[in-house]
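Written below as structure tokens is the structure these notes are about.
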Amino acid sequence: MADKRKRRRADSDSDDESIRLPFKNRLKPDSVILDTLKTLTELTKSSSSSKTLTLADLSLSSTCREVTDLPLSSVQNKILTLALSLTKSILAGNGFSFSVPSRAATNQLYVPELDRIVLKDKSSVRPYASVSTVRKTTITTRILSLIHQLSLKNIHVTKRDLFYTDVKLFQDQTQSDAVLDDVSCILGCTRSSLNVVAAEKGVVVGRLMFSDNGDMIDCTKMGIGGKAIPPNIDRVGDMSSDALFILLVEKDAAYMRLAEDRFYNRFPCIIVTAKGQPDVATRLFLRKMKMELKLPVLALVDSDPYGLKILSVYGCGSKNMSYDSANLTTPDIKWLGVRPSDLDKYKIPEQCRLPMSEQDIKTGKDLLEEDFVKKNPGWVEELTLMVKSKQKAEIQALSTFGFQYLSEVYLPLKLQQQDWL
């Protein structure tokens, strides 16, 4: 009799758990999921052995430009050569102007073979003797002067430091930041070659070891907060890992949940986030991990147009920095979740879904017109569903089933089913 009561109680507890944690009963043993991940990792490593295509390998109808990493001595020489040509122009009585590669949307090109956005070769003239461009020309000259000083001293500064060298001229940091990108294009070098970095933003935790300026870092021993991604990628080296995949997370809250639950120990992985919009350092770091460790990258973003936009910046590049897409993009990122179809599939309650604003819907429709979205039928299907349903949801909507539902059920089930695009 007592045994029957125990069995009934155990059955009741099991039923309660399946109600609290929907679909948990569909999970197979971790060993089965790990075998699936090992197969994915092996496939990724075998495909990574083939030669990576570059712009030079393609015969494009449009001429495109790309920047490269340059040593400080080359940056100095380019600035001096530019200054000399400007001086000659002034002495000849022609004044001076900069030929600046256009970073306008009309000068961008998506190259399907490379699966990234590149910059075409159209340029605009920025003369000093014009009321409309005199201020921007002055800012460009000032930034070039500051970059030359940095190269001579071989020191790094943040974009904020650069702005505060002449607040009255720059007025707003967005203006000095924009001209800094222009200067990269003019000189034909990456922004990191200019020794100007952004403040630390991204973090990484999990099964990764690397050296940071000579110090060995073990990312399994960095606590819940993880290790801040160095703003200067040149400091990073000697990467090693026993992970099976890299998990790219959009939000800090989801990252903290996974880090605290030590998700990377249950399923060996490296977890990385830029806490929202991707910054240059995180994009460079993600690419370095992917290329050196040859691991698959799975992305966890919000189910809204901006989540997909963030994913596309990591994978295909941003239009603002298309001139450096070769160094900033990570190929073959798989969209793991949260996808619009997951809202019904995982029975996310209506009260946890948000109505899309008119701007959200417009952004979604605009994304459907992008070539990098059209290339992936799965993305088109998911985005069309989102726009049609006019519903969005954050990763945190999964917390309706429990704060650990993300790490205990949702992600393991996604991995088990190989449910990624």
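The values are calculated or read from the model by the stated rules, or taken from the named source; none is laboratory data. Every value quoted in this text rests on a predicted model; they were computed, and no experiment measured them. When we count neighbours, we look across all protein chains shown, and the Cβ atoms used for this are built from the backbone with ideal geometry, even at glycine. Keep in mind that these areas ignore ligands, DNA and RNA; they rest on the heavy atoms of the full protein, side chains included. Shrake-Rupley method; radii C 1.70, N 1.55, O 1.52, S 1.80 Å.
Annotation for region 305-319: no member residue is over 26 Å from CYS64 (Cβ atoms), free of Cβ contacts under 8 Å to residues at least 40 places away in the same chain and either of a type outside the set (S, T, N, Q) or in contact with a strand residue (DSSP E or B) (Cβ under 7 Å, 6 or more places away or on another chain) (or both).
The residues listed here are ARG160, ARG142; of these, the one that is of a type in the set (D, E, K, R), touching a residue at least 12 places away in the same chain (Cβ under 8 Å), within 24 Å of SER74 (Cα to Cα) and not in a strand (DSSP E or B) is ARG142. When LEU169 is tested against (1) in contact with a strand residue (DSSP E or B) (Cβ under 8 Å, 6 or more places away or on another chain); (2) more than 14 Å from ASP324 (Cα to Cα), exactly one condition is not met: (1). The set of residues from region 250-288 being open to solvent by 30 Å² or more (accessible area, probe 1.4 Å) and at positive phi comprises ARG262, LYS275. The set of residues in region 210-227 that are open to solvent by less than 30 Å² (accessible area, probe 1.4 Å), hydrophobic (A, V, I, L, M, F, W, C), out of contact with any Phe, Trp or Tyr (no Cβ under 7 Å at 6 or more places or on another chain) and assigned to a strand (DSSP E or B) contains only PHE210. Quick check: is even one residue across region 281-300 among the aliphatic types (A, V, I, L, M) and more than 22 Å from TRP335 (Cβ to Cβ)? Taking every residue of region 281-300 in turn, at least one turns out to be among the aliphatic types (A, V, I, L, M) and more than 22 Å from TRP335 (Cβ to Cβ). When you scan region 129-142, do you find a residue that is touching a helix residue (DSSP H, G or I) at 6+ places or on another chain (Cβ under 9 Å), open to solvent by less than 60 Å² (accessible area, probe 1.4 Å), hydrophobic (A, V, I, L, M, F, W, C) and over 25 Å from ASN94 (Cβ atoms), even just one? No, there is no match, as no residue in region 129-142 is touching a helix residue (DSSP H, G or I) at 6+ places or on another chain (Cβ under 9 Å), open to solvent by less than 60 Å² (accessible area, probe 1.4 Å), hydrophobic (A, V, I, L, M, F, W, C) and over 25 Å from ASN94 (Cβ atoms).
Which of the following residues is in contact with a helix residue (DSSP H, G or I) (Cβ under 6 Å, 6 or more places away or on another chain) and of a type in the set (Ser, Thr, Tyr): TYR323, TYR306, TYR264, TYR255? Lay out the reasoning, then the answer.
On the way: TYR306 fails: in contact with a helix residue (DSSP H, G or I) (Cβ under 6 Å, 6 or more places away or on another chain); TYR264 fails: in contact with a helix residue (DSSP H, G or I) (Cβ under 6 Å, 6 or more places away or on another chain); TYR255 fails: in contact with a helix residue (DSSP H, G or I) (Cβ under 6 Å, 6 or more places away or on another chain).
Just a single option satisfies the conditions, and that option is TYR323.
For region 146-202, a residue qualifies if it is surrounded by fewer than 16 Cβ atoms within 10 Å (Cβ to Cβ) and of a type in the set (Val, Ile, Thr), and the qualifying residues are ILE155, THR158, THR165, VAL167, THR174. Within region 324-343, being open to solvent by 30 Å² or more (accessible area, probe 1.4 Å) and at pLDDT 95 or above holds for LYS334, SER341. Selection within region 76-91: residues that are open to solvent by less than 70 Å² (accessible area, probe 1.4 Å) and among the aliphatic types (A, V, I, L, M). The member of this set that is nearest to LEU152 (Cα to Cα) is ILE79. Screening the candidates SER303, SER318 for the property of being buried (at least 22 other Cβ atoms within 10 Å of the Cβ) and of a type outside the set (D, E, K, R) yields one hit, SER303. Here is the figure for region 352-365: residues that are in contact (Cβ under 8 Å) with a residue 12 or more places away in the chain and open to solvent by 70 Å² or more (accessible area, probe 1.4 Å) total 3.
Does LEU114 fit the bill of being in a strand (DSSP E or B), within 27 Å of the chain's Cα centre (by Cα) and more than 26 Å from LEU150 (Cα to Cα)?
Spelling it out, it is not the case that LEU114 is in a strand (DSSP E or B), within 27 Å of the chain's Cα centre (by Cα) and more than 26 Å from LEU150 (Cα to Cα).
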